[in-house]
Amino acid sequence: MNTLFSLTFVGVAPVWALMIFAPKWRYTERIAASPWVPAVPVAIYIALAVPRLGELLPLVTRPELPALAEFMSTPAGATLVWAHMIAWDVFVGQWMYREGRRLDINPLLMAPVLVVTILLAPFGLPLFLILRKVCDATNRGTPVVTGQ
């Protein structure tokens, strides 16, 4: 279980590094646009969730704090939740990076926001949304979902 836990972040760490330290490199743009970036944590999540669906489904369909806390206190539960968090965080990070590039936000402004997102995504997302609003004088935060 320790290996899966470690692989969850190791599988996406190079993409985070590229988005933060080489944001204008042409390959960073291509890699960050790939829907396959979260594949490692998603695969780990699926591998752990499928054999535990009988235990997991009641936890997510009728969540109760004691039962969820008990599940998350196991190595498999903690790894499953970690994989979920890492997959979502990198997905959001990719979107933030691409929006930052689209708006030509200075990489020196984007890098700290991406670092905060790696560490504490619920803080990083609103920081980015504020930065996006301030830097997007033309569209005033018009969302870009399709990459057009």
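All of the numbers you see were taken from the coordinates with simple rules; none came from a lab. The model shown is predicted, which means the values in this text are computed figures rather than measured ones. Because the Cβ atoms are built from the backbone with ideal geometry, glycine has one as well, and the counts that use them run over all protein chains shown.
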**Request:** Can you figure out the FRET efficiency of Ala137 with Met85, using R₀ = 22 Å and their beta-carbon distance, to the nearest 0.05?
**Result:** 0.05
**Asked** Do the sum for the chain: with -39,500 (n - 2.57) for every DSSP H run of n ≥ 4, divided by all residues, what is the mean residue ellipticity at 222 nm, to the nearest 500 deg cm²/dmol?
**Response** -24000 deg cm²/dmol
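Using a 10 Å cut-off around each Cβ, can you sort Thr3, Thr74, Thr61 from fewest to most neighbouring Cβ atoms? Spell out each step's value before the answer.
Details: Thr3 10, Thr74 13, Thr61 7.
By the 10 Å Cβ count, ascending, the order reads Thr61, Thr3, Thr74.
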**Asked** Here are some values of Kirkwood radius over Cα pairs in Å: (i) 16.1; (ii) 16.5; (iii) 15.2. Which one was computed from this structure?
**Response** (ii)
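For each of Trp25, Trp36, Trp82, count neighbouring Cβ atoms within 10 Å of the residue's Cβ, then give the residues from fewest to most. Mind showing how you got there, number by number?
On the way: Trp25 12, Trp36 8, Trp82 20.
By the 10 Å Cβ count, ascending: Trp36, Trp25, Trp82.
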**Message:** Pairs of alpha-carbon atoms within less than 8 angstrom and 6+ residues apart define the contacts here; what relative contact order does the chain have, in percent?
**Reply:** 27 percent
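Gain in length, Leu119 to Arg98, computed as 0.36 nm per residue apart minus the alpha-carbon separation, to one decimal in nm? Don't skip to the end; give the middle numbers.
Values: separation 21, 0.36 × 21 = 7.56 nm, distance 1.91 nm.
Result: 5.7 nm gained on full extension.
Hey, fewest Cβ within 10 Å first, where do Asp104, Asp136, Asp89 land in order? The partial results should precede the final answer.
On the way: Asp104 9, Asp136 16, Asp89 23.
In order of increasing Cβ crowding within 10 Å: Asp104, Asp136, Asp89.
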**Fill in**
Pseudo-spin-label distance Ala47 to Ala67, built 7 Å along Cα→Cβ, given in nm, is 2.8 nm
